[in-house]
Amino acid sequence: MSGRGVESVPVLIVGGSLVGLSTSVFLGRLGIEHMLVERHAETSTHPRGRGNNVRTMEIFRTAGLEQSVREAAFALAGNDGVLQVDTLTGGQRRWIIEDISAGMDVSRISSSNWCLCSQNDLEPVLLGRARRGGDIRFGTELLSFTQDEGGVQAQVISRETGETYTVNADFLVAADGPRSPVRTHLGIGQSGPGALFHNISVTFRSKALKEYVGPKRFIVCYITDPQGESALLPVDNEERWVAHIPWFPDRGESLEDFGNERCAAHIRAAVGVPDVDVEITGKAPWHAAKRVADSYRQGRVFLAGDSAHEMPPTGAFGSNTGIQDAHNLAWKLAAVLRGWAGPQLLDTYECERRPVAVTTSTRASQQAAEEEHPGFSPAAGRNDNPADLMTVALCYRYASNAVVGDSPQLPVVPEAFRLGGEPGTRAPHMWVRRDGARISTLDLYERSFVLLAGPAGQEWRRAAEQASRNLGVPVEAYLVGDGPDHDLTPEPDADWAALHGTAEDGAVLVRPDGFVAWRAHTGMPSADGALTNVLRTVLCRD
C-alpha cells in the first residue's frame, strides 16, 4: 500500500449510486468542482428502485436528462397500476391502484410524468452525465475523515492499486447508503421503528409468463396465495422478471435456504402453473425499514439519501426522496461556495428535507400496508394520512429561513393536491412560449433565482436587476403576458396571476431548486429595496 499525496476539491461525494450520482450531476450543472468516490467498481446490475416520480422527472428534465432516462426505460413505458391477485391464473383480481396519476391530466400540473426506469438502467445515464461535470472515481473507498473549521480531510484508497491519498474538501456529502459509515463515524442516531420486513429479490427468465400476466401491463402485481406470496415486477414485459419473496430471518431463515429450486417453485406457485418455465438468474436480499437520521448535518458533512432516511419501497418514495435531497443541497452548496449566501443557508437543508423524509416514510409505510406487501403486517403501517401518491410527490412544503412568508403551522404534505404558488412550495407549472419555443416555467429554474411578474412588471424587472447588482447574485426576471414587451407568453387558457396566487401587478420569486422563496400579492412602490431585502434574507446574509 502506498500513498500519492494530497488532492483538493470544493465538494467530496461519498457514494456513487442514484443519490451520489445525482448530487454530482446537479453540482456539475452549477459549475461546482467536485469529486465522487464509490467503493464498487461499477454501477448496480440488479433491477430495483424503478419508480421515478413526477418531481424527480421534472428535476431530470431541467438537468437535460429526461429524454435519456426515458430512452433507457423504454421497455416499461406502457406499464401502470398496482395489481393484486391470488395467483396469476386464479379467480381473484383487483387493482389497488389502477392509475398511478390518480386520473389527473399531468400535463396541466407538470412538465413531466412518472417514469419506470430500474436502477441498473438509470445509474449509467447519471454516470455518463456526472463524468461531464465532475471527477468520478469508482473502485475508490473512503477509509476515514476528519474535519475542522477549514474543511474536511478524507483518506481514500484505490481498491484496484492499493494506493492511498488524502482529499481535502470544503464539504463532504455522504450518500453512502443505509448502513452509512460516515453517519456511524459522526455518531448521528436514527429515529423510527427500524426494520419492518425482509424480502429476497429474485431475478428470473420466463418466456411463457407474459401469457398469464394479462392484457394490461402493471408496475407491480402482489400475489396473496400463501404458497406463492410475492411481489412480481416486469423488467422487459417479455421474459425478464423480478419476484420479491418474503424472508423471515427472525424465524431462523437464512439466505442459504433460498436455493434456486425453492425460488422457482415459489414463483410457479405464484403463477398457478406448476410447469411454467423459470430460470433463476440472480438473488439479492433487501430490508424494508423506517428510520430517519436525527440530524442531516454535522459541521461540514451532510447526509443524503438512504444515509439520511430509510423507507419501504412502496410508493417509490425512497430513491426519489434522496434525489430530491441532492437537488435541495446542491444549489445551497453552490451559493455558499460562490459567496452568494451566508454559511447559515446550509442549515436550511435539514430544516427543509428532514420533515419531508419523516412524513414521506410514514406515507410509504402506510402504502406498504395498503398494498399488503409480502412479509409486512398490514396493521403495522396504518395511519390517518389520506394524501395520494401525486400529492406526496409534488405538494410537500418547506418552512425555513430560506423562505419568506411561509406557513410553518401547515402540514408538510397537505391532505389534498394543491400547488398555488405559496412560499415554500414547488412553483406552479405553466406552458408558455419563449422566443417561439414551447417551454414550462419549471424549465427556468436551475442556475439562478427567477422573478416572474405580470404584464405591468417593468418595475419588478428593474428591482431584479438592482437586487442582482446589490448582492452579486444572479436574478433573472421574466414578464408574463402577450405583447412585445413580455418574455413569456402563456397559452390561451392559462391565468398566470391566478395560478401563482398573486395579482397582475404582483410577483413571485423562485429559488434555483424551483421552490417559491417569496410572493408579492401586488406591486410595491419600494420594489427595489423589498426584493433586495428578501434575497438577503433567503440567502441568510443578514
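The values are calculated or read from the model by the stated rules, or taken from the named source; none is laboratory data. Computed from a predicted model, the values in this text were never measured in an experiment. Here the Cβ positions follow ideal geometry from the backbone for every residue, glycine too, while neighbour counts run over all protein chains shown. Remember, those area values only see protein heavy atoms, side chains included, never the ligands or the DNA or RNA. Shrake-Rupley method; radii C 1.70, N 1.55, O 1.52, S 1.80 Å.
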So is V11 crowded, with 20+ Cβ neighbours inside 10 Å, modelled with pLDDT of 95 or more and not small (G, A, S) or not? yes
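Residues checked against (1) within 25 Å of L389 (Cα to Cα); (2) part of a strand (DSSP E or B); (3) without any contact (Cβ under 8 Å) to a residue 24 or more places away in the chain:
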| position | (1), (2), (3) |
| --- | --- |
| G282 | no, yes, no |
| P285 | no, yes, no |
| A288 | yes, yes, no |
| R291 | yes, yes, no |
| P313 | yes, no, no |
| S319 | yes, no, no |
| D325 | yes, no, no |
| N328 | yes, no, no |
| W331 | no, no, no |
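Mind listing whichever residues of region 23-70 are among the polar types (S, T, N, Q) and in a loop (DSSP other than H, G, I, E, B)?
Start the filter on region 23-70 by keeping residues that are among the polar types (S, T, N, Q), which leaves 23-24, 43-45, 52-53, 56, 62, 67-68.
Answer for region 23-70, where residues must be among the polar types (S, T, N, Q) and in a loop (DSSP other than H, G, I, E, B): T43, S44, T45, N53.
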Looking at A41, is it open to solvent by 20 Å² or more (accessible area, probe 1.4 Å), closer than 22 Å to A130 by Cα, more than 19 Å from the chain's Cα centre (by Cα) and not charged (D, E, K, R)? yes
Of the residues that sit in region 403-415 and are aliphatic (A, V, I, L, M), touching a residue at least 24 places away in the same chain (Cβ under 8 Å) and in contact with a strand residue (DSSP E or B) (Cβ under 7 Å, 6 or more places away or on another chain), which one is least open to solvent (accessible area, probe 1.4 Å)? V403
Quick check: is even one residue across region 210-229 open to solvent by 20 Å² or more (accessible area, probe 1.4 Å) and either assigned to a strand (DSSP E or B) or of a type in the set (V, I, T) (or both)? yes
Looking at region 264-280, is at least one residue touching a strand residue (DSSP E or B) at 6+ places or on another chain (Cβ under 8 Å) and assigned to a strand (DSSP E or B)? yes
Of the numbered conditions (1) under 29 Å from I32 (Cβ atoms); (2) crowded, with 18+ Cβ neighbours inside 10 Å, L499 fails exactly one; give the number of that condition. (1)
Residue under evaluation A437, criteria (1) under 26 Å from E66 (Cβ atoms); (2) under 26 Å from the mean Cα position of the chain (by Cα); (3) hydrophobic (A, V, I, L, M, F, W, C), criterion not met: (2)
Can you tell me which residues in region 317-345 are out of contact with any Ser or Thr (no Cβ under 9 Å at 6 or more places or on another chain) and open to solvent by 20 Å² or more (accessible area, probe 1.4 Å)? V336, L337, R338, G339, W340, P343, Q344
Pairing a residue in region 206-220 that is over 15 Å from A77 (Cα atoms) with any residue that is in a loop (DSSP other than H, G, I, E, B) and small (G, A, S), where Cβ atoms lie under 9 Å and the two sit 6 or more apart in sequence or on different chains, gives Y212/G272
Top-ranked residue in region 96-155 [being under 17 Å from V69 (Cβ atoms) and of a type in the set (D, E); ranked as surrounded by the fewest Cβ atoms within 10 Å (Cβ to Cβ)]: D121
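When you scan region 425-439, how many residues do you find that are touching a Gly at 6+ places or on another chain (Cβ under 7 Å) and on the phi > 0 side of the Ramachandran plot?
Count: 0.
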Output yes when any residue across region 482-492 is open to solvent by less than 60 Å² (accessible area, probe 1.4 Å), closer than 12 Å to T441 by Cα, outside any strand (DSSP E or B) and touching a residue at least 12 places away in the same chain (Cβ under 8 Å), and no when none is. yes
Residues in region 58-87 that are surrounded by fewer than 19 Cβ atoms within 10 Å (Cβ to Cβ), among the aromatic types (F, W, Y) and either over 22 Å from E98 (Cα atoms) or in contact with an Asp or Glu (Cβ under 7 Å, 6 or more places away or on another chain) (or both) total 0
